[in-house]
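Note sheet for the following structure.
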Amino acid sequence: MVATRFEIISRKPIGDDSAYKDIGEYEFITGRLYYSVDPKHPDSQLITDIDLIPTNNEGRVEFSSDIQLLKPVSMKSDSNLFFDVVNRGNRTVLAFNNAEQRVSNEDPHLGNGFLMKKGTVVVFCGWQTDVPDGRIRLHVPEALDKNGEQLIGQTYQQFDLGEDSYELLLSDRQHNPLPTANLNDENATLIERDWPDGPITNIPRNEWSFARWADGEEVRDANYICLPKGFKSGKVYEIIYNTVGAPVIGLGFLAMRDCSSFFRYATEEQGNPCAGNITKAYAFGASQSGRFVREFAYLGLNLDEDNRIVYDGLLPHTGSSRLGEFNMRFGQPSSNHMRNVGNVKALAYVETHDPISNIKDSLLWRLESKNAMPKIIATNSDVEYWWSGASLAHTDATGSFDVNPPENVRVYLFSGTKHGAGSLPLTKTPAPEALRQKHFSNTIDYRPLQRAAYDNLDKWVRDGIEPPVSQYPRIDDKTAVTRESLMESFERVPKIGFLKALPVRQRLSYGDNVDEGIHTYPAVEGEPFGTLVSAIDDDCNEISGVRLPDLQVPLGTHTGWALRHADIGGEGHFMPLQGSVIPFPRTETEKEQDGDPRDSIEKRYPSKDDYLTKIRASAESLASEKYILSEDIEGIVNGAGERWEAIQSQ
């Protein structure tokens with residue numbers, strides 16, 4: 001057993017079990033799980049720099065994870081383990097419960113108890129080393145050179161600003177920074193662009209420094225860069241410099257493997273509070289964590305060191321066709337831009353050949369070779385298609401023909417959605433950062449689709465009941481089209497418009513040592529991949545994928561892209577992770593005043609009751625096809641009623 005010890009720090013009852021009385025009371029356990037892995041094991045050898053870690057007296061590598069655990073006090077003997085690949089140290093899977101989001105050092109909110117009704121054991125495990133204090137973290141040693149000294153080498157950062165500043169922390173999203181190895185590094189370069197793929201303006205080295213900005217003066221600091229003339233909102237900045245210190249971040253993949261293996265297989269004597277009660281295990285990751293799940297699959301790590309299956313099913317959500325900076329020297333796992341190292345490979349679920357790079361590869365080849373394949377339900381929002389090339393998971397790299405997923409994989413586009421589940425109120429400032437978009441933020445709540453996906457995955461694994469067929473844009477039926485081909489349709493609606501520049505997912509080369517986890521910057525940029533999106537109808541709503549009632553019985557146009565507002569600079573450019581809703585004209589008079597070619601709401605629906613009747617029929621149809629659960633129909637109808645009122649009163 002690789003996990004050698006589970007240290008319980010706290011244990012207490014949690015939640016109101018009135019919604020899941022058949023299961024009984026839940027408890028919330030926090031602790032730390034300690035690992036000891038064989039660095040010479042073939043799977044361990046996939047981890048960058050594992051041979052540069054000092055070992056214990058048994059020749060093994062030691063590290064540990066923060067753990068949080070939700071479990072019934074009295075467990076069923078045939079329980080599911082649901083592993084939450086926490087996002088930047090934050091819990092995510094409780095979104096299945098419609099739970100309120102709480103920071104990780106507070107007790108979780110259990111929401112409507114959806115997962116608890118099934119007696120699910122939910123595990124939150126630290127896999128990322130650089131998260132801010134108070135979040136769920138991985139604790140790993142550093143790689144050292146032959147003299148026992150810290151490693152020094154190149155790294156790269158990109159900043160897409162939503163507000164002005166004189167200083168920038170050398171990290172993504174305020175994570176622990178990658179400090180400069182030399183405050184006076186003359187080879188460090190800083191550039192500015194008007195958008196992520198725009199022309200480069202070099203900022204002379206004597207105009208910026210590794211420093212903070214305090215009371216109008218530069219104060220030297222290895223963790224920051226300072227520009228006295230100011231970093232401007234709406235601009236994009238990129239820096240290349242030498243950093244020092246290389247935690248072996250790829251050990252996070254072994255933590256994902258060995259944590260679930262411990263709670264699934266370890267005995268009570270070995271300290272497992274779930275001993276003997278876990279028979280199936282699933283893993284979920286969203287966004288960054290969805291890419292992590294994809295890379296876990298790519299590395300083929302679904303057998304533990306004792307050759308036992310770890311996960312029966314995987315649910316990568318909004319992972320696109322990408323990987324991440326999860327297993328490299330000087331990587332930043334939080335990084336999420338299009339020059340991220342994780343964008344080098346466009347990986348479909350079966351082998352494809354890229355005729356431009358002459359690379360053959362597949363996301364699942366290692367799992368197939370080990371006979372360790374889980375069932376997979378992969379879901380994406382519309383953002384992943386418009387931004388990062390999610391279509392490349394089911395087409396060739398040039399976007400010329402479809403590549404059908406294998407029998408054990410389902411792929412669903414949640415049509416017309418933004419990156420995260422939408423909600424009211426209607427707002428143009430949905431993000432926690434100081435960002436503002438031109439149109440209202442997309443309001444489609446896709447969580448009912450996620451609950452059904454989990455339920456379908458469990459029935460697929462346990463009972464062999466196949467989930468509904470994959471739903472995504474296809475080339476062969478002409479529902480997959482280029483983004484450029486839709487510009488005219490969007491621009492014919494004066495209220496909508498179109499992006500000034502489309503995001504680019506391009507082929508990138510980082511030198512000859514990439515297989516060793518070492519990258520050379522700047523990347524050599526090659527041809528763009530052939531990315532495709534869903535075709536649209538006359539309302540500019542998508543026609544492929546799983547279409548929730550919001551699209552089947554619409555009150556507006558819903559997009560997986562958003563335009564930056566003039567107030568934050570970069571007006572009209574793409575705003576990552578966000579989507580838009582542009583309501584239809586409420587009346588025929590409003591339609592004529594606005595010059596809007598879309599039918600008005602009053603023409604479509606004689607009354608609110610008529611609208612809700614059609615919403616209910618749409619939801620019932622989706623439930624009959626198993627894309628949503630019957631228990632979610634009332635919530636969908638109620639939510640539609642709230643959106644009707646919001647749009648009528650805007």
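The values are calculated or read from the model by the stated rules, or taken from the named source; none is laboratory data. Note that the structure is predicted; figures quoted are calculated from it, not measured. A quick note on method: Cβ atoms are made from the backbone with ideal geometry, for glycine too, and the neighbour counts reach across all protein chains shown. In case anyone asks, the SASA skips ligands and DNA or RNA and just uses the protein heavy atoms, side chains included. Shrake-Rupley method; radii C 1.70, N 1.55, O 1.52, S 1.80 Å.
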Taking only protein heavy atoms and a 1.4 Å probe, what accessible area per residue, in Å², does region 115-182 have with all protein chains in place? 40 Å²
For GLN471, other-chain or 5+-apart residues with amide H closer than 5 Å (H placed, Pro excluded) are VAL411, TYR412, LEU413
Cut-off 19 Å (backbone N to label point 7 Å along Cα→Cβ of LYS40), residues of region 283-321: 305-307
With θ set to phi - 60° and the Karplus curve 6.51 cos²θ - 1.76 cosθ + 1.60, what are the ³J(HN,Hα) couplings of region 97-104 in order, to the nearest whole Hz, using x for Gly and Pro? 8, 6, 7, 5, 6, 10, 5, 6
Fully extended contour minus Cα-Cα distance, from SER423 to ASP185, at 0.36 nm per residue: 81.0 nm
Can you compute the FRET efficiency between GLU269 and ASP515 using 1/(1 + (r/R0)^6), with r the Cβ-Cβ distance and R0 = 35 Å? Round to the nearest 0.05. 0.25
Rank these residues by their accessible area, most exposed first, probe 1.4 Å: ARG366, ARG91. ARG366, ARG91
To the nearest 0.05, how large is the calculated FRET efficiency for ARG308 and ARG205 if R₀ is 41 Å and r is the Cβ-Cβ distance? 0.15
Given a 1.4 Å probe, the accessible area of region 402-441 per residue, as a whole number of Å², is 40 Å²
For the chain, what % of the accessible area comes from carbon and sulfur atoms, probe 1.4 Å? 45 percent
Counting sequence-distant residues (5 or more places) and residues on other chains, those with an amide H built under 5 Å from that of MET328 are ILE249, GLY250
Taking a ≥ b ≥ c as the square roots of the eigenvalues of the Cα gyration tensor, with a/c under 1.5 meaning rounded and otherwise prolate when a/b exceeds b/c and oblate if not, region 543-650 is oblate
Taking placed amide H atoms and a strict 5 Å upper bound, the residues 5 or more places from TYR166 or on another chain that come that close are PHE231
Please report the orientation-averaged projected area of the chain, defined via the convex hull of its C-alpha atoms, in nm². 29.1 nm²
How much length would be gained if the chain were fully extended between ARG5 and ILE152, taking 0.36 nm per residue of separation minus their Cα-Cα distance, in nm to one decimal? 49.6 nm
Checked region 414-486 with the C-alpha gyration tensor, a ≥ b ≥ c its square-rooted eigenvalues, rounded below a/c of 1.5, otherwise prolate if a/b is larger than b/c and oblate if not; verdict oblate
Stretched fully, the stretch from ASP107 through ASP78 gains (0.36 nm per residue minus C-alpha distance, one decimal, in nm) 7.8 nm
Estimated FRET transfer efficiency when R0 is 41 angstrom, pair ILE465-HIS353 (beta carbons, to 0.05): 0.75
Order the peptides 77-83, 320-326 from the highest to the lowest mean number of other Cβ atoms within 10 Å of their residues. 320-326, 77-83
HN-Hα J couplings of region 572-582 from phi, Karplus 6.51/-1.76/1.60, θ = phi - 60°, integer Hz, Gly and Pro as x? x, 8, 5, 10, x, 6, 9, x, 10, 10, 10
Residue by residue through region 347-359, which ³J(HN,Hα) values in whole Hz follow from phi under the Karplus form 6.51 cos²θ - 1.76 cosθ + 1.60 (θ = phi - 60°), with glycine and proline marked x? 9, 8, 7, 10, 5, 10, 10, 8, x, 7, 8, 6, 10
Which GluC sites (Glu not before Pro) in region 373-439 sit in a loop by DSSP (not H, G, I, E or B) and have at most 16 other Cβ atoms within 10 Å of their own Cβ? GLU407, GLU433
Given a cut-off of 26 Å, name the pairs among LYS345/LYS459; LYS438/LYS608; LYS40/LYS280; LYS375/LYS626; LYS71/LYS370 whose C-alpha atoms lie farther apart than that in the structure shown. LYS345/LYS459; LYS438/LYS608; LYS40/LYS280; LYS71/LYS370
In Å³ and rounded to a whole number, note down the convex hull volume per residue for the Cα atoms of region 465-574. 204 Å³
A student applying the Cα gyration tensor rule (rounded when a/c is under 1.5; otherwise prolate if a/b is larger than b/c, oblate if not) would label region 545-607 oblate
Return an integer: the convex hull volume of the alpha-carbon atoms of region 82-129, in Å³ per residue. 67 Å³
